[in-house]
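Engineer: Structure in structure tokens, see below.
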Amino acid sequence: MLELILPVRLRAALSACLLLTGLLFSLESVQADRIKDLAQVRGVRDNPLVGYGLVVGLDGSGDQTTQAPFTGQSLTNMLSQLGVTVPSGTNMQLKNVAAVMVTASLPAFASSGQPIDVVVSSLGNAKSLRGGTLLLTPLKGVDGQVYALAQGNLIIGGAGAQAGGSSVQVNQLTAGRIPGGATVERGVPTRLGDENGVIHLDLFEGDFNHAQNVATAINRHFGGSLASPLSNRDIVIQAPRDISQRVGFIAGLENIEVSLGVPRARVVVNARTGSVVMNSEVRLARAAVTHGNLSVVIDANPVISQPNPLAGGQTAVVNDPDISVNQQGGALRMVEGTASLAEVVDALNALGATPQDLVSILEALKAAGALRADLEVI
């Protein structure tokens, strides 16, 4: 369970957040997780597909062929396959056609004729794909083979309007979806284990304690020693040799509940937004932290320059720059949070730091060896 750490000025609000955090952690300690939420059977995964196509029927919001010549080339090639010959050197001024990239995910055990959803994204400079229709587009896998064919009308979640030089837009207009817009032509062969019935579980997060607990729970549920951890992520399981019984075995396996151990202390920092997330195992050793802010303000005050009546000059506006530098003094404070998450929160918020400042403080604490946690910057 993770909690978002933000600077809080009101003590009552901070106390309420910490109380709720404690309740959530107490609930987590008694609640078990299902194996299907912790791991997946090796080999049972989706496969990405990609294709290049054309969207037609746009209301004048398509690609400008002078800036996106590949749209005109693609349309010429498509028309030639349909028996229409475009004279060489013809400059087609298209407004209702857009070049797009089509992406999809081919699920495991997909069979021929099964529909899958596709995402259509503009490749050129089209303003909007609203109202467009995707023409027949082959979707290929990483091996270059065609696995699905996509075609259909786009659903655009955005909206926009413009008039008189002003425009307004809500969400994206150059990307959309076609639910069930592709038909699987062939699937990817997938096997549930080998000929001896041995399957592998891959944990989403590598942890030796988690791997041991999952194997113990499986053996306790089925009896015997069917599961053995091979690493912090890989668990080998002896499933039934009969393939017809293997699906039922995996279905029961995924619903086994496992009580996980204490997770590793970890702090996740988003350097772009300044968000800091930490779990309940984070500890701070004794350290001294100084914190100060440096702000540079540059302002330009317009001043009107008025010449004398007989000088022959012109009235002009001149900017009078005003630059000021302000630095707040940093106080040297002792921070220590070796008891609980509450003390870590209190120690960081006592510095009066913003989320962006917390990023720098945590990185410095980690470098000094005072932050007893894994620091991950995303």
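The values are calculated or read from the model by the stated rules, or taken from the named source; none is laboratory data. Keep in mind the model is a prediction, meaning the values are calculated, not measured. Glycine also receives a Cβ, built like all others from the backbone with ideal geometry; neighbour counts cover every protein chain displayed. SASA here: full protein model, heavy atoms, side chains in, ligands and nucleic acids out. Shrake-Rupley method; radii C 1.70, N 1.55, O 1.52, S 1.80 Å.
Engineer: Taking the condition of being among the polar types (S, T, N, Q) and farther than 15 Å from Q356 by Cα, how many residues in region 269-285 meet it?
Structural biologist: Residues in region 269-285 being among the polar types (S, T, N, Q) and farther than 15 Å from Q356 by Cα: 2 in total.
Engineer: May I pose another question? Please go through region 53-76 and pick out each residue that is open to solvent by less than 50 Å² (accessible area, probe 1.4 Å) and part of a loop (DSSP other than H, G, I, E, B).
Structural biologist: Passing the criteria: L58, G60, S61, G62, D63, T65, A68.
Engineer: Here's a follow-up. Any idea which of L135, L94, L129, L79 is outside any strand (DSSP E or B), open to solvent by 20 Å² or more (accessible area, probe 1.4 Å) and in contact with a Gly (Cβ under 7 Å, 6 or more places away or on another chain)?
Structural biologist: Criteria check complete, one pass: L94.
Engineer: Further question on the same structure: Restricting to region 193-215, what's the tally of residues that are under 13 Å from S259 (Cβ atoms) and out of contact with any strand residue (DSSP E or B) (no Cβ under 8 Å at 6 or more places or on another chain)?
Structural biologist: Of the residues in region 193-215, 1 are under 13 Å from S259 (Cβ atoms) and out of contact with any strand residue (DSSP E or B) (no Cβ under 8 Å at 6 or more places or on another chain).
Engineer: Restricted to region 196-210, and to residues that are surrounded by fewer than 17 Cβ atoms within 10 Å (Cβ to Cβ) and part of a loop (DSSP other than H, G, I, E, B), which residue is farthest from the chain's Cα centre (by Cα)?
Structural biologist: N196
Engineer: Would you mind finding the one in V118, V41, V50 that is touching a Ser or Thr at 6+ places or on another chain (Cβ under 9 Å) and open to solvent by less than 50 Å² (accessible area, probe 1.4 Å)?
Structural biologist: V118
Engineer: Take region 241-288 and flag every residue that is surrounded by 15 or more Cβ atoms within 10 Å (Cβ to Cβ), part of a helix (DSSP H, G or I) and under 30 Å from the mean Cα position of the chain (by Cα).
Structural biologist: Answer for region 241-288, where residues must be surrounded by 15 or more Cβ atoms within 10 Å (Cβ to Cβ), part of a helix (DSSP H, G or I) and under 30 Å from the mean Cα position of the chain (by Cα): I250, L253, E254.
Yes or no, residue by residue, for (1) under 19 Å from P107 (Cα atoms); (2) modelled with pLDDT under 90:
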| position | (1), (2) |
| --- | --- |
| E185 | yes, no |
| E195 | no, yes |
| D207 | no, yes |
| V214 | no, no |
| V236 | no, no |
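Engineer: Are any residues in region 45-77 at pLDDT 90 or above and of a type in the set (A, V, I, L, M), and if so, which ones?
Structural biologist: Result: L49, V50, L54, V55, V56, L58.
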